[in-house]
Amino acid sequence: MRYIVGIDIGGTNIVVGTVAEDGSELVGLVSAPTISEQGAEAVIERIVKLARASVAEARGTPNLGWTNFPLRDRLGQALGLPATLDNDANCAIFGEWWRGAARGSDYVVGLTIGTGIGGGIVLGGTIYRGVSDVAGEIGHMSIDSNGRRCKCGNDGCLEAYASGPAIAARAVEGMGTGADTSLPRYVNGDLSKITAQIVYEAAHDGDQYALEVVHDTAKFLGTGVANIVNIFNPEVVVICGGVTLAGEKLFAPLRGEVKRRAFKPAVDACRIVPGELTGTAGVYGAAAVFVQRTLGTV
Ligand SMILES: [Zn+2]
């Protein structure tokens, strides 16, 4: 059995794992903070170290801001291994198709919700890339033509409402109007420390205001997913990332919103599910992309 080192370079963390060629095994899983502000050279060094650690461990157990940096070639040289490179959200959804919640389906669309919202489209076992490689930017579909400003420069993108930081920002903004909530107690009164995860935690603890924020999030995501369902008629919509921590409190109203908005035959045929490969979807997907590019099939 041959093994592939999957490297997931995120805005916050780098995750590296060594994956069996057929996806049956993931070993040597290691991670470290990205710290992209230290520059490309420092991050390359960190990736090489992680990749070596992952390979060593495997043997022992049978949005970055760079432009035109030759990442694939530099890593390949440093590690002495053939390398390939792809978009992190594409890889995450490809990983969920290969070994996770969307396994075996021919029509898959997915979202990864974290610092931003990424997306991926997997049709017939292949990532759909579009004519210039930017297909699947689901986070930047407009859900309100006059809505909140997005980092991409557009107004009203889904990401501006339902990314982790956007969920926290909406929660804090709403509190300004005198909401009755226990949220400040979770952060010792320092509202700048509120995160999406804290909002889910408070919702689980029964805080009505936090629950409202989760319901609003479900409504925004449901609007986006309804558009996806109408356009792609997918068999599976897989939603990955920290947002899955909100569980059924999020997924139940989200499915309700999709049902309310999208065409019935499309809704009836579609499963909307959380990702299964928590934290490792990108690693699996990167390995699967490599297998597909070198062997032609996964
Ligand atoms: Zn945008």
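Kindly establish whether D133 is more than 13 Å from the ligand (Cβ to nearest atom), over 17 Å from the mean Cα position of the chain (by Cα) and in a loop (DSSP other than H, G, I, E, B).
In short, yes.
Just to check your reading of the model, which residue among G119, G147, G104 is within 16 Å of the ligand (Cβ to nearest atom), more than 18 Å from the chain's Cα centre (by Cα) and either within 22 Å of I9 (Cβ to Cβ) or outside any helix (DSSP H, G or I) (or both)?
G147
Which pairs do you get when a residue that is more than 23 Å from L277 (Cβ to Cβ), found in the stretch 221-242, comes within reach of a residue that is of a type in the set (K, R), reach meaning Cβ atoms under 6 angstrom, with the pair 6+ apart or on two chains?
Final answer for the pair search is A226/R261.
Being within 18 Å of Q197 (Cβ to Cβ) and surrounded by fewer than 20 Cβ atoms within 10 Å (Cβ to Cβ) is the filter; apply it to the stretch 154-169 and report the residue that is farthest from the ligand (Cβ to nearest atom).
A169
Looking only at helices (runs of 4 or more DSSP H) that lie completely in the stretch 158-207, which have at least 3 residues being under 27 Å from G136 (Cβ atoms)?
Here the list reads 159-162, 164-175, 196-204.
Based on this model, can you work out whether G95 counts as among the small types (G, A, S), in contact with a Pro (Cβ under 8 Å, 6 or more places away or on another chain) and part of a helix (DSSP H, G or I)?
no
So which of L277, L211, L221 is aliphatic (A, V, I, L, M) and part of a loop (DSSP other than H, G, I, E, B)?
Step by step, each of L277, L211, L221 is checked, and only L277 is aliphatic (A, V, I, L, M) and part of a loop (DSSP other than H, G, I, E, B).
Among residues belonging to the stretch 171-217 that are surrounded by fewer than 20 Cβ atoms within 10 Å (Cβ to Cβ) and polar (S, T, N, Q), point out the one that is nearest to A246 (Cα to Cα).
Q197
Laboratory data are not the source of any read-out in this text; all were calculated from the coordinates shown. Quantities reported herein were computed from a predicted structural model and do not represent experimental measurements. Quick reminder, even Gly has a Cβ in these numbers, built from the backbone with ideal geometry, and neighbours come from all protein chains shown.
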